[in-house]
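A.B. asks: Supplied in structure tokens, the structure appears directly below.
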Amino acid sequence: MTIPHLAYPLRTNILKLFGMKCGTRVRVRKGVTFDEPWNVTADDLVVFGDNAIVRAGEPIEIGKRCVISQNAMLVTVVGDSQTLGNTKRRAAITIEDDVWIATDALVMPGSHIESGVVVGARAMVDGRLPNWTICTGEPAAPRTPRVLYGQN
């Protein structure tokens, strides 16, 4: 059975049946994969773009008005490079309000993305990003402040 592209309520309700905690108007686009949705909390107005990947072996908390763009990855368990993958690095991910994680970005275990951050396309987040900045690179680092014109 193929679920229509704009079947947001259906996808969200299926994820809720598997334990995902969703706020109002959460949008899960076609092709998004969750391995353990019971570890994911998405607050109001969160959008998961096409083919985003959410590997939630540990808790993932996403604040209000956030976008996880297409092909972005949120990963809470990875092999540790210091031990050549023999041990696992496991930690929760926290994404605060008004964050945009752009296409093909990778968010590693233990990352904390503060309010208002824009993570650039193909960036790798490994650690904490300060609020209201635009961050790019591998690992992602603040490049410039994020300014919203017309708001006081």
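A.B. asks: Under the 0.36 nm per residue contour assumption, what length would be gained going from the current alpha-carbon distance of residue 90 and residue 33 to full extension? It would help to have the intermediate numbers written out before the result.
C.D. replies: Numbers: separation 57, 0.36 × 57 = 20.52 nm, distance 1.92 nm.
Separation in residues times 0.36 nm, less the Cα-Cα distance, equals 18.6 nm.
A.B. asks: Say each of residue 141 and residue 24 gets a label point 7 Å from the Cα, pointing the same way as Cα to Cβ; how far apart are those two points in nm?
C.D. replies: The modelled label-to-label distance comes out at 4.2 nm.
A.B. asks: Let me ask something else about it. Return the FRET efficiency for the residue pair residue 132, residue 10: r is the Cβ-Cβ distance, R0 is 35 Å, and the value is rounded to the nearest 0.05. Before the final figure, lay out each step's value.
C.D. replies: Numbers: r = 35 Å, r/R0 = 1.00.
Efficiency at R0 = 35 Å is approximately 0.50.
A.B. asks: Sticking with this one: If the cut-off is a Cα-Cα distance under 26 Å, which lysines reach residue 64, setting aside same-chain residues fewer than 8 apart in sequence?
C.D. replies: Cα-Cα hits under 26 Å: 16, 21, 30.
A.B. asks: Based on DSSP, what percent of beta bridges with both residues in region 8-139 are antiparallel, to the nearest 5?
C.D. replies: Details: 3 of 34 bridges.
Percent antiparallel among DSSP bridges in region 8-139 is about 10.
A.B. asks: Still on this structure, please answer the following. As a test of the formula, what do you get for the chain when each DSSP H run with n ≥ 4 contributes -39,500 (n - 2.57) and the sum is divided by the residue count, at 222 nm and rounded to the nearest 500 deg cm²/dmol?
C.D. replies: On the way: 1 runs with 10 residues, N = 152.
The per-residue figure over the chain is -2000 deg cm²/dmol.
A.B. asks: Moving on to the next point. Is the shape of region 87-138 rounded, prolate or oblate, going by the alpha carbon gyration tensor and its root eigenvalues a ≥ b ≥ c, with a/c under 1.5 for rounded and a/b larger than b/c for prolate? Can you show the working numbers first?
C.D. replies: Working: a/c = 2.16, a/b = 1.36, b/c = 1.59.
Verdict is oblate for region 87-138.
A.B. asks: Rounded, prolate or oblate: pick one for the chain, where a ≥ b ≥ c are the square roots of the eigenvalues of its C-alpha gyration tensor, a/c under 1.5 means rounded, and failing that, prolate if a/b is larger than b/c, else oblate.
C.D. replies: Working: a/c = 1.79, a/b = 1.10, b/c = 1.64.
Taking the square roots of the gyration eigenvalues as a ≥ b ≥ c, the chain is oblate.
A.B. asks: Just rank 14, 134, fewest to most, by other beta-carbon atoms within 10 angstrom.
C.D. replies: Details: 14 15, 134 19.
If I rank by nearby Cβ atoms, fewest first, I get 14, 134.
A.B. asks: Please state the charge dipole magnitude for region 28-112, taken about the Cα centre, from unit charges on C-beta atoms (+1 on K and R, -1 on D and E), reported in debye and rounded to the nearest 20. Display every interim value, and only then the final one.
C.D. replies: Working: 8 positive and 12 negative charges, 51 e Å.
With only Lys, Arg, Asp and Glu charged at Cβ, the dipole is about 240 debye.
Bear in mind that the values in this text are calculations on the coordinates, not laboratory data. Bear in mind that the values here come from a model prediction, so they are computed numbers and not experimental data. Methodologically, a virtual Cβ is constructed for each residue, glycine included, from the backbone with ideal geometry; neighbour enumeration extends over all protein chains shown.
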